[in-house]
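Have a look at the structure below, then the notes.
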Amino acid sequence: MFVPLALPGESGWIEVVESRKGYARGRLLELVTRSPQRVDARCPHYGDCGGCHYQHLSYADQCDLKRNLVREQLERISQLKDPPVLETLASPCEWDYRSAVQFHVSQNGRLGFQRMNSSRMVEIHTCHLPMPAIQQFWPQLDLDAPPGKERVHIRCNTADELLIGLETEKGQPAPELFLEAPVSVVHLSPNGTSILAGEGGIEIKILDQNFYVSAASFFQVNLPQAERMVQKVLELVPEEGSVLVDLYCGVGLFTAFLARGYRQVIAVESSESACQDFAVNLDQYDQISLYQGTTEEILPALALNGVDTLLADPPRAGLDRRVLDEMIKIRPKRIVYISCDPSSFARDAKYLCENGFALRMVQPVDMFPQTLHIETISLFEGRC
(Lines give C-alpha, C1' and ligand atoms only; values in the text may rest on other atoms or scores of the structure.)
Protein backbone atom coordinates (compact mmCIF):
# COMPACT_ATOMS: atom_id res chain seq x y z
CA MET A 1 0.00 0.00 0.00
CA PHE A 2 1.55 3.28 -1.15
CA VAL A 3 0.33 6.22 0.93
CA PRO A 4 1.78 9.69 0.26
CA LEU A 5 2.49 11.82 3.36
CA ALA A 6 2.60 8.75 5.65
CA LEU A 7 5.80 7.40 7.22
CA PRO A 8 6.91 3.85 8.04
CA GLY A 9 5.68 2.86 11.51
CA GLU A 10 2.73 5.24 11.49
CA SER A 11 -0.89 4.19 11.56
CA GLY A 12 -3.93 6.05 10.35
CA TRP A 13 -7.20 5.92 8.49
CA ILE A 14 -6.55 5.33 4.79
CA GLU A 15 -8.85 5.63 1.79
CA VAL A 16 -7.92 3.22 -1.00
CA VAL A 17 -7.97 5.19 -4.25
CA GLU A 18 -6.43 2.58 -6.57
CA SER A 19 -6.16 -1.19 -6.29
CA ARG A 20 -4.00 -3.35 -8.55
CA LYS A 21 -2.69 -6.89 -8.42
CA GLY A 22 0.14 -6.84 -5.91
CA TYR A 23 -0.23 -3.26 -4.68
CA ALA A 24 -2.65 -0.45 -3.93
CA ARG A 25 -2.53 3.31 -3.49
CA GLY A 26 -4.15 5.14 -0.63
CA ARG A 27 -4.88 8.61 0.68
CA LEU A 28 -4.18 9.51 4.29
CA LEU A 29 -7.41 10.70 5.91
CA GLU A 30 -6.36 10.87 9.56
CA LEU A 31 -3.08 10.16 11.33
CA VAL A 32 -3.47 8.00 14.46
CA THR A 33 0.10 7.11 15.44
CA ARG A 34 2.86 9.64 14.70
CA SER A 35 6.44 8.67 13.81
CA PRO A 36 9.28 10.31 15.78
CA GLN A 37 10.76 11.19 12.37
CA ARG A 38 7.75 13.37 11.53
CA VAL A 39 8.11 17.14 11.60
CA ASP A 40 5.60 19.89 10.96
CA ALA A 41 5.58 21.09 7.36
CA ARG A 42 6.73 24.66 6.89
CA CYS A 43 4.56 25.49 3.88
CA PRO A 44 0.80 26.17 4.24
CA HIS A 45 0.23 24.64 0.78
CA TYR A 46 1.91 21.34 1.65
CA GLY A 47 -0.29 18.35 0.92
CA ASP A 48 -2.30 20.32 -1.62
CA CYS A 49 0.41 21.65 -3.93
CA GLY A 50 2.37 18.82 -5.51
CA GLY A 51 5.76 20.56 -5.58
CA CYS A 52 7.05 18.96 -2.35
CA HIS A 53 6.69 15.43 -0.98
CA TYR A 54 8.84 15.13 2.18
CA GLN A 55 8.27 18.28 4.23
CA HIS A 56 6.80 16.06 6.95
CA LEU A 57 10.14 14.23 7.31
CA SER A 58 13.27 15.64 8.99
CA TYR A 59 16.00 16.51 6.51
CA ALA A 60 18.54 14.00 7.82
CA ASP A 61 15.90 11.30 7.45
CA GLN A 62 15.11 12.52 3.93
CA CYS A 63 18.73 11.90 2.96
CA ASP A 64 18.74 8.45 4.55
CA LEU A 65 15.48 7.59 2.80
CA LYS A 66 16.83 8.63 -0.58
CA ARG A 67 19.97 6.52 -0.17
CA ASN A 68 17.82 3.53 0.79
CA LEU A 69 15.58 4.09 -2.24
CA VAL A 70 18.61 4.00 -4.55
CA ARG A 71 19.85 0.80 -2.88
CA GLU A 72 16.44 -0.84 -3.11
CA GLN A 73 16.12 -0.06 -6.82
CA LEU A 74 19.56 -1.50 -7.56
CA GLU A 75 18.88 -4.63 -5.51
CA ARG A 76 15.41 -5.20 -6.99
CA ILE A 77 15.87 -4.15 -10.61
CA SER A 78 19.61 -4.64 -11.19
CA GLN A 79 19.75 -7.79 -9.07
CA LEU A 80 22.92 -6.46 -7.44
CA LYS A 81 23.80 -7.75 -4.00
CA ASP A 82 25.01 -5.05 -1.62
CA PRO A 83 25.39 -2.33 -4.29
CA PRO A 84 28.13 0.26 -3.55
CA VAL A 85 25.83 3.16 -2.63
CA LEU A 86 27.45 5.91 -0.56
CA GLU A 87 25.77 8.20 1.95
CA THR A 88 23.63 10.86 0.32
CA LEU A 89 25.46 14.11 -0.36
CA ALA A 90 23.17 16.49 1.51
CA SER A 91 22.36 19.93 0.19
CA PRO A 92 23.96 22.86 2.07
CA CYS A 93 20.52 24.53 1.96
CA GLU A 94 17.34 22.66 2.88
CA TRP A 95 15.25 25.64 1.79
CA ASP A 96 15.65 28.66 -0.53
CA TYR A 97 17.88 26.70 -2.92
CA ARG A 98 16.16 26.66 -6.31
CA SER A 99 17.70 29.04 -8.84
CA ALA A 100 14.92 28.25 -11.33
CA VAL A 101 11.18 27.73 -10.86
CA GLN A 102 8.38 27.01 -13.33
CA PHE A 103 4.90 28.25 -12.42
CA HIS A 104 1.58 27.48 -14.06
CA VAL A 105 -0.78 30.42 -14.69
CA SER A 106 -4.38 30.09 -13.52
CA GLN A 107 -7.39 31.48 -15.34
CA ASN A 108 -7.28 34.30 -12.78
CA GLY A 109 -3.77 35.25 -13.91
CA ARG A 110 -2.24 33.96 -10.68
CA LEU A 111 0.75 31.65 -10.31
CA GLY A 112 0.72 28.16 -8.87
CA PHE A 113 1.79 24.55 -9.17
CA GLN A 114 0.10 21.31 -10.16
CA ARG A 115 -2.12 19.92 -7.43
CA MET A 116 -0.89 16.72 -5.79
CA ASN A 117 -2.13 13.61 -7.64
CA SER A 118 -4.06 15.76 -10.09
CA SER A 119 -3.68 17.54 -13.41
CA ARG A 120 -5.29 20.65 -11.93
CA MET A 121 -3.29 23.52 -10.53
CA VAL A 122 -3.43 25.20 -7.15
CA GLU A 123 -2.79 28.92 -6.75
CA ILE A 124 -0.15 29.65 -4.14
CA HIS A 125 0.91 32.69 -2.16
CA THR A 126 4.17 31.37 -0.75
CA CYS A 127 6.92 28.86 -1.57
CA HIS A 128 10.05 28.13 0.45
CA LEU A 129 12.09 26.40 -2.27
CA PRO A 130 13.23 29.25 -4.58
CA MET A 131 16.23 31.43 -3.85
CA PRO A 132 15.37 34.66 -1.97
CA ALA A 133 15.56 36.86 -5.09
CA ILE A 134 12.85 34.76 -6.77
CA GLN A 135 10.74 34.64 -3.60
CA GLN A 136 10.78 38.42 -3.41
CA PHE A 137 9.96 38.86 -7.09
CA TRP A 138 7.31 36.39 -8.16
CA PRO A 139 4.44 37.64 -5.91
CA GLN A 140 4.78 41.03 -7.67
CA LEU A 141 3.97 39.62 -11.11
CA ASP A 142 0.78 41.03 -12.60
CA LEU A 143 -0.47 38.84 -15.44
CA ASP A 144 -3.60 39.05 -17.54
CA ALA A 145 -5.87 36.02 -17.38
CA PRO A 146 -4.44 33.69 -20.04
CA PRO A 147 -6.48 32.67 -23.10
CA GLY A 148 -4.84 29.23 -22.99
CA LYS A 149 -2.13 27.19 -21.36
CA GLU A 150 0.71 29.33 -20.04
CA ARG A 151 3.74 28.94 -17.80
CA VAL A 152 6.15 31.38 -16.21
CA HIS A 153 9.81 30.41 -15.77
CA ILE A 154 11.96 32.43 -13.38
CA ARG A 155 15.71 31.90 -13.13
CA CYS A 156 18.28 33.78 -11.08
CA ASN A 157 22.01 33.66 -10.34
CA THR A 158 24.06 34.36 -7.24
CA ALA A 159 24.16 38.05 -8.18
CA ASP A 160 20.33 38.10 -7.88
CA GLU A 161 19.89 38.85 -11.58
CA LEU A 162 16.58 37.55 -12.89
CA LEU A 163 15.53 36.01 -16.21
CA ILE A 164 11.80 35.58 -16.86
CA GLY A 165 10.48 33.16 -19.48
CA LEU A 166 6.85 33.46 -20.55
CA GLU A 167 5.77 30.22 -22.23
CA THR A 168 2.61 30.04 -24.33
CA GLU A 169 0.98 27.61 -26.72
CA LYS A 170 1.41 27.87 -30.46
CA GLY A 171 -0.27 30.93 -31.90
CA GLN A 172 -0.74 32.69 -28.57
CA PRO A 173 0.78 36.13 -28.17
CA ALA A 174 3.03 36.89 -25.22
CA PRO A 175 0.97 37.75 -22.13
CA GLU A 176 1.03 41.34 -20.98
CA LEU A 177 3.43 41.77 -18.10
CA PHE A 178 3.77 44.96 -16.07
CA LEU A 179 7.22 45.29 -14.54
CA GLU A 180 8.98 47.86 -12.42
CA ALA A 181 12.21 45.89 -12.02
CA PRO A 182 15.45 45.53 -14.02
CA VAL A 183 14.86 41.98 -15.24
CA SER A 184 15.21 40.19 -18.56
CA VAL A 185 12.01 38.82 -20.13
CA VAL A 186 11.78 36.25 -22.94
CA HIS A 187 8.70 34.88 -24.71
CA LEU A 188 8.91 31.13 -25.37
CA SER A 189 6.56 29.44 -27.82
CA PRO A 190 6.62 26.69 -30.46
CA ASN A 191 6.99 29.52 -32.99
CA GLY A 192 10.33 30.51 -31.49
CA THR A 193 11.90 32.70 -28.83
CA SER A 194 11.72 36.48 -28.67
CA ILE A 195 13.33 38.88 -26.19
CA LEU A 196 10.82 41.29 -24.64
CA ALA A 197 13.21 43.02 -22.24
CA GLY A 198 16.88 42.84 -21.31
CA GLU A 199 18.88 39.78 -22.39
CA GLY A 200 17.92 36.38 -23.75
CA GLY A 201 19.90 34.52 -21.10
CA ILE A 202 21.68 34.78 -17.78
CA GLU A 203 25.25 34.15 -16.63
CA ILE A 204 25.71 31.54 -13.90
CA LYS A 205 29.03 30.92 -12.19
CA ILE A 206 30.01 27.39 -11.11
CA LEU A 207 33.38 27.19 -9.35
CA ASP A 208 35.74 29.17 -11.61
CA GLN A 209 33.65 28.90 -14.78
CA ASN A 210 30.93 31.25 -16.05
CA PHE A 211 28.09 29.71 -18.07
CA TYR A 212 25.71 31.57 -20.33
CA VAL A 213 22.27 29.93 -20.02
CA SER A 214 19.42 30.90 -22.35
CA ALA A 215 15.82 30.96 -21.19
CA ALA A 216 15.02 27.72 -23.06
CA SER A 217 18.10 25.81 -21.86
CA PHE A 218 18.32 23.40 -18.93
CA PHE A 219 20.70 24.02 -16.04
CA GLN A 220 20.94 22.44 -12.59
CA VAL A 221 18.76 24.46 -10.21
CA ASN A 222 20.68 23.86 -6.96
CA LEU A 223 23.86 25.81 -7.67
CA PRO A 224 25.92 24.80 -4.58
CA GLN A 225 25.07 21.16 -5.26
CA ALA A 226 25.94 21.61 -8.95
CA GLU A 227 29.41 22.67 -7.84
CA ARG A 228 29.72 19.59 -5.65
CA MET A 229 28.54 17.37 -8.50
CA VAL A 230 31.27 18.80 -10.73
CA GLN A 231 33.85 18.20 -8.00
CA LYS A 232 32.66 14.60 -7.59
CA VAL A 233 32.90 13.94 -11.33
CA LEU A 234 36.40 15.41 -11.34
CA GLU A 235 37.35 12.94 -8.61
CA LEU A 236 36.21 10.03 -10.79
CA VAL A 237 37.82 11.12 -14.06
CA PRO A 238 41.59 11.35 -14.68
CA GLU A 239 42.85 14.88 -15.24
CA GLU A 240 44.36 13.92 -18.61
CA GLY A 241 43.37 11.54 -21.35
CA SER A 242 42.97 10.95 -25.04
CA VAL A 243 39.24 10.86 -25.87
CA LEU A 244 36.32 12.15 -23.77
CA VAL A 245 32.69 11.66 -24.82
CA ASP A 246 29.98 13.77 -23.14
CA LEU A 247 26.43 12.62 -23.96
CA TYR A 248 23.46 14.89 -23.20
CA CYS A 249 26.03 17.62 -22.55
CA GLY A 250 23.57 20.52 -22.16
CA VAL A 251 25.23 23.93 -22.00
CA GLY A 252 28.56 22.29 -21.11
CA LEU A 253 28.49 22.10 -17.31
CA PHE A 254 30.75 19.05 -17.05
CA THR A 255 32.53 19.43 -20.39
CA ALA A 256 33.94 22.80 -19.35
CA PHE A 257 35.85 21.25 -16.45
CA LEU A 258 36.85 17.97 -18.11
CA ALA A 259 37.92 19.26 -21.52
CA ARG A 260 41.04 20.94 -20.18
CA GLY A 261 43.01 17.69 -20.02
CA TYR A 262 41.71 15.76 -23.07
CA ARG A 263 43.13 15.85 -26.57
CA GLN A 264 39.76 15.13 -28.20
CA VAL A 265 36.30 15.87 -26.79
CA ILE A 266 33.06 14.76 -28.44
CA ALA A 267 29.82 16.27 -27.12
CA VAL A 268 26.23 15.40 -28.09
CA GLU A 269 23.08 17.39 -27.29
CA SER A 270 19.60 17.51 -28.85
CA SER A 271 18.49 20.97 -27.65
CA GLU A 272 19.24 23.73 -30.14
CA SER A 273 19.24 26.34 -27.40
CA ALA A 274 21.66 24.34 -25.23
CA CYS A 275 23.97 23.76 -28.21
CA GLN A 276 24.12 27.48 -28.88
CA ASP A 277 24.98 28.12 -25.23
CA PHE A 278 27.55 25.31 -25.29
CA ALA A 279 29.30 26.97 -28.23
CA VAL A 280 29.51 30.22 -26.26
CA ASN A 281 30.64 28.60 -23.01
CA LEU A 282 33.40 26.47 -24.56
CA ASP A 283 34.52 28.74 -27.36
CA GLN A 284 38.14 28.71 -26.12
CA TYR A 285 38.60 25.00 -26.86
CA ASP A 286 39.65 23.85 -30.33
CA GLN A 287 39.58 20.10 -29.62
CA ILE A 288 35.80 19.88 -29.00
CA SER A 289 33.37 18.54 -31.60
CA LEU A 290 29.72 19.30 -30.78
CA TYR A 291 26.95 17.29 -32.48
CA GLN A 292 23.35 18.46 -32.31
CA GLY A 293 20.76 15.68 -32.41
CA THR A 294 19.53 12.70 -30.46
CA THR A 295 22.20 10.56 -28.85
CA GLU A 296 20.64 7.33 -30.15
CA GLU A 297 21.06 8.57 -33.72
CA ILE A 298 24.42 10.32 -33.46
CA LEU A 299 26.48 8.03 -31.22
CA PRO A 300 26.38 4.93 -33.50
CA ALA A 301 27.22 7.08 -36.53
CA LEU A 302 30.44 8.34 -34.91
CA ALA A 303 32.06 4.85 -34.87
CA LEU A 304 34.26 5.78 -31.91
CA ASN A 305 37.18 3.84 -30.49
CA GLY A 306 39.91 4.48 -27.96
CA VAL A 307 37.55 6.31 -25.59
CA ASP A 308 38.98 6.89 -22.13
CA THR A 309 35.93 8.40 -20.43
CA LEU A 310 32.28 8.45 -21.43
CA LEU A 311 29.99 10.76 -19.45
CA ALA A 312 26.21 10.37 -19.78
CA ASP A 313 23.61 12.67 -18.17
CA PRO A 314 20.33 11.53 -19.76
CA PRO A 315 16.79 12.73 -18.96
CA ARG A 316 14.53 10.88 -16.54
CA ALA A 317 13.77 8.04 -18.99
CA GLY A 318 17.42 6.98 -18.89
CA LEU A 319 19.46 5.59 -21.78
CA ASP A 320 17.88 4.27 -24.94
CA ARG A 321 18.84 0.64 -25.67
CA ARG A 322 20.60 1.77 -28.85
CA VAL A 323 22.80 4.08 -26.77
CA LEU A 324 23.59 1.31 -24.30
CA ASP A 325 24.49 -1.11 -27.10
CA GLU A 326 26.81 1.44 -28.66
CA MET A 327 28.43 2.20 -25.29
CA ILE A 328 29.11 -1.52 -24.87
CA LYS A 329 30.51 -1.67 -28.40
CA ILE A 330 32.78 1.34 -27.79
CA ARG A 331 33.91 -0.11 -24.44
CA PRO A 332 35.30 3.05 -22.81
CA LYS A 333 37.67 2.55 -19.90
CA ARG A 334 35.14 4.18 -17.59
CA ILE A 335 31.54 5.40 -17.72
CA VAL A 336 30.33 8.18 -15.46
CA TYR A 337 26.53 7.99 -15.41
CA ILE A 338 24.58 10.90 -13.94
CA SER A 339 20.95 10.01 -13.35
CA CYS A 340 17.86 11.82 -12.05
CA ASP A 341 15.74 8.66 -11.74
CA PRO A 342 16.84 5.65 -9.65
CA SER A 343 14.57 3.15 -11.43
CA SER A 344 15.72 3.94 -14.98
CA PHE A 345 19.32 4.05 -13.71
CA ALA A 346 18.93 0.63 -12.08
CA ARG A 347 17.56 -0.77 -15.36
CA ASP A 348 20.52 0.61 -17.30
CA ALA A 349 23.02 -0.50 -14.64
CA LYS A 350 21.72 -4.06 -14.94
CA TYR A 351 22.31 -4.04 -18.70
CA LEU A 352 25.81 -2.58 -18.39
CA CYS A 353 26.79 -5.08 -15.70
CA GLU A 354 25.49 -7.94 -17.82
CA ASN A 355 27.67 -6.76 -20.69
CA GLY A 356 31.13 -6.43 -19.27
CA PHE A 357 31.06 -3.43 -16.94
CA ALA A 358 31.33 -3.33 -13.15
CA LEU A 359 29.52 -0.80 -10.99
CA ARG A 360 32.20 0.63 -8.70
CA MET A 361 30.41 3.47 -6.92
CA VAL A 362 27.04 5.23 -6.64
CA GLN A 363 26.90 8.67 -5.04
CA PRO A 364 23.38 9.92 -4.29
CA VAL A 365 23.18 13.71 -4.44
CA ASP A 366 20.22 15.56 -2.96
CA MET A 367 19.61 18.32 -5.49
CA PHE A 368 15.99 18.78 -4.40
CA PRO A 369 15.42 18.83 -0.61
CA GLN A 370 11.79 18.41 0.51
CA THR A 371 10.98 16.49 -2.68
CA LEU A 372 11.19 12.82 -3.69
CA HIS A 373 13.70 13.54 -6.47
CA ILE A 374 17.27 12.23 -6.17
CA GLU A 375 20.29 12.46 -8.46
CA THR A 376 23.06 9.89 -8.58
CA ILE A 377 26.62 9.97 -9.90
CA SER A 378 27.91 6.48 -10.69
CA LEU A 379 31.14 4.99 -11.95
CA PHE A 380 31.32 1.92 -14.19
CA GLU A 381 34.59 0.36 -15.26
CA GLY A 382 35.18 -2.29 -17.90
CA ARG A 383 36.03 -5.70 -16.52
CA CYS A 384 39.20 -7.36 -17.82
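When the range 221-254 is examined, which residues are found to be closer than 14 Å to Ile206 by Cα and more than 17 Å from the chain's Cα centre (by Cα)?
Passing the criteria: Gln231, Leu234.
I'd like the full set of residues that are in a loop (DSSP other than H, G, I, E, B) and modelled with pLDDT under 95, limited to the range 46-57.
Pass one, the range 46-57, residues in a loop (DSSP other than H, G, I, E, B): 47-48, 50-56.
Answer for the range 46-57, where residues must be in a loop (DSSP other than H, G, I, E, B) and modelled with pLDDT under 95: Gly47, Asp48, Gly50, Gly51, Cys52, His53.
Across the range 111-124, what is the number of residues that are surrounded by fewer than 19 Cβ atoms within 10 Å (Cβ to Cβ) and within 14 Å of Val152 (Cα to Cα)?
2
When you look at Gln73, is it among the polar types (S, T, N, Q), in contact with a helix residue (DSSP H, G or I) (Cβ under 8 Å, 6 or more places away or on another chain) and touching a residue at least 24 places away in the same chain (Cβ under 8 Å), yes or no? Working first, answer last.
Working: among the polar types (S, T, N, Q): yes; in contact with a helix residue (DSSP H, G or I) (Cβ under 8 Å, 6 or more places away or on another chain): yes; touching a residue at least 24 places away in the same chain (Cβ under 8 Å): yes.
Taking the combined requirement at face value, the residue satisfies it.
Identify, from the list Ala301, Ala312, Ala274, the residue that is within 19 Å of Met229 (Cα to Cα) and of a type outside the set (Asp, Glu). Give the derivation first.
Numbers: Ala301 fails: within 19 Å of Met229 (Cα to Cα); Ala274 fails: within 19 Å of Met229 (Cα to Cα).
Answer to the check: Ala312.
A quick yes/no check of all residues on (1) without any contact (Cβ under 8 Å) to a residue 60 or more places away in the chain; (2) farther than 23 Å from Leu28 by Cα; (3) in the same structural domain as Ile154 (by TED's automatic domain parsing):
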position	(1), (2), (3)
Tyr46	yes, no, no
His53	no, no, no
Asp61	yes, no, no
Lys66	no, no, no
Pro83	no, yes, no
Leu86	no, yes, no
Ser91	no, yes, no
Glu94	no, yes, no
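The values are calculated or read from the model by the stated rules, or taken from the named source; none is laboratory data. Quick caveat: nothing in here was measured; it's all calculated off a predicted structure. Neighbour counts run over all protein chains shown; Cβ positions are idealised from the backbone, glycine included.
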